[in-house]
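S.K.: Pasting in a structure now, in structure tokens, and then I'll have a few things to ask.
Values quoted throughout were computed directly from the atomic coordinates according to the rules given, and no laboratory measurement underlies them. Small disclaimer: the values here were computed from a predicted structure and weren't measured. Methodologically, a virtual Cβ is constructed for each residue, glycine included, from the backbone with ideal geometry; neighbour enumeration extends over all protein chains shown.
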Amino acid sequence: MKRHSVLAGACAIVALFFGPVPLAARQVQPPPAAAAPSRAAPAAVEASADMLAHPALWKVADEDTTIYLFGTIHLLPKGIDWFSGPLAQAFTQSGELVTEIPEYADTETALAVMKHGMLPPGQSLRATMTKRERARFGGAMRQLGLAEEAFDRFRPWYAAVIMATLPLQRRGYDLQNGVETQLSERNKALAHPRSGLETLEYQLGLFDTLSPKVQKRYLFEIIDSLPTLDKEVQGMVASWSKGDAAALADLLNAQQDDPAMVKALLYNRNKTWAAWIRNRLARPGTVFIAVGAGHLGGKGSVQDELAKVGIASTRVQ
């Protein structure tokens with residue numbers, strides 16, 4: 001499995017832009033006990049004020065319905081001006097914003113994360129590890145400035161998402177600069193409705209379908225990736241900014257060798273979303289869909305699934 005296939009969005013889940021679950025940055029913040037000690041922060045990543053980005057945008061349409069498909073990054077550094085040109089025009093003309101999940105209250109988010117991201121009482125993350133694994137895990141936690149026991153209550157997938165997100169946040173990648181946040185604010189200003197392709201409960205629950213073995217393997221792939229994480233993410237952001245969908249898909253989804261994780265978090269969801277789009281074409285209107293960029297590139301993308309049922313997508317930016 002490509003180390004960041006799930007991140008491109010957790011983020012994050014969280015973060016990040018990198019994975020099938022776009023919660024990470026907002027919905028997977030570590031609790032106070034896991035906070036890093038006070039120290040000088042690394043130099044933040046910040047694009048030049050005049051940096052113009054032209055991320056990819058597609059369109060699906062029939063006689064009375066237009067649906068735009070936009071791949072997002074959930075965390076971005078400051079200074080990237082991406083809302084312009086055909087993309088801005090498409091968003092402004094749309095009457096509805098559709099994201100992976102709708103907007104939730106913080107309390108709802110916290111409850112869902114506790115349900116799916118925390119181990120049952122009496123269980124410990126480090127207790128599931130071999131002596132060698134605990135040593136690797138402990139070294140990574142110290143590298144992040146965290147106590148080794150800080151994540152003892154976390155499930156492996158949840159610990160992995162946080163470990164991948166924290167270094168990026170310290171480098172200046174911020175949810176407030178992320179695409180979903182910006183689109184949400186603009187959508188509210190237009191007083192247009194927003195809905196989700198999935199629920200938060202469903203999205204986080206996807207990880208419950210993954211065996212503990214698969215989750216732990218993902219955790220240690222993230223740990224192994226930490227030394228080069230910043231460089232890899234910068235490459236992803238650069239490809240996204242240039243609208244190079246092929247290169248971005250390769251960075252996000254290439255070398256996926258964990259069939260269970262890829263199927264659950266990427267391919268199955270792409271099929272479901274393509275079916276949603278097909279059904280939505282039966283009703284008139286203009287819709288702007290914004291989902292993690294990893295879903296809109298490469299083999300098995302949403303566009304591929306649409307093509308299988310005879311629905312063509314056109315690149316408009």
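S.K.: Can you tell me the Rg and Dmax of segment 226-317, counting just the alpha carbons, in angstroms?
M.R.: 14.6, 49
S.K.: Shifting gears a bit: Computed over the Cα atoms, what is the radius of gyration of segment 172-216 divided by 2.2 N^0.38 Å, N being its residue count?
M.R.: Normalised Rg, Cα atoms only: 1.67.
S.K.: Moving on. Straight distance only, please: which lysines reach the Cα of LYS308 with their own Cα at less than 20 Å, same-chain residues fewer than 8 apart left out?
M.R.: List returned: LYS59, LYS263, LYS271, LYS299.
S.K.: Starting from the Cα of ALA307, step 7 Å along the direction of its Cβ; do the same at LYS115; then give the gap between the two resulting points in nm.
M.R.: Reported label-point gap for ALA307 and LYS115 is 3.8 nm.
S.K.: Moving on to the next point. Would you give the gap between the C-alpha center of segment 49-124 and the C-alpha center of segment 184-262, rounded to a whole Å?
M.R.: First find each Cα centre; the distance between them is then 12 Å.
S.K.: Which net charge results when you count Lys and Arg as +1 and Asp and Glu as -1 among the other residues whose beta-carbon is under 12 Å from that of PHE137?
M.R.: Around PHE137, the charge tally is +2.
S.K.: Stretched out fully, how many nm does the piece from ASP64 to ASN268 gain, at 0.36 nm a residue minus the Cα gap?
M.R.: 70.6 nm
S.K.: Right, next: Once segment 130-176 is represented by equal point scatterers at the alpha-carbon sites, with solvent omitted, what log10 I(q)/I(0) does the Debye formula produce at q = 0.14, 0.25 Å⁻¹?
M.R.: Ignoring solvent entirely, the Cα scatterers give -0.36, -0.99.
S.K.: Lys/Arg Cβ at +1, Asp/Glu Cβ at -1, dipole of segment 135-225 taken about the Cα centre: which of ALA159, ILE222, LEU190 is farthest positive-ward?
M.R.: ILE222
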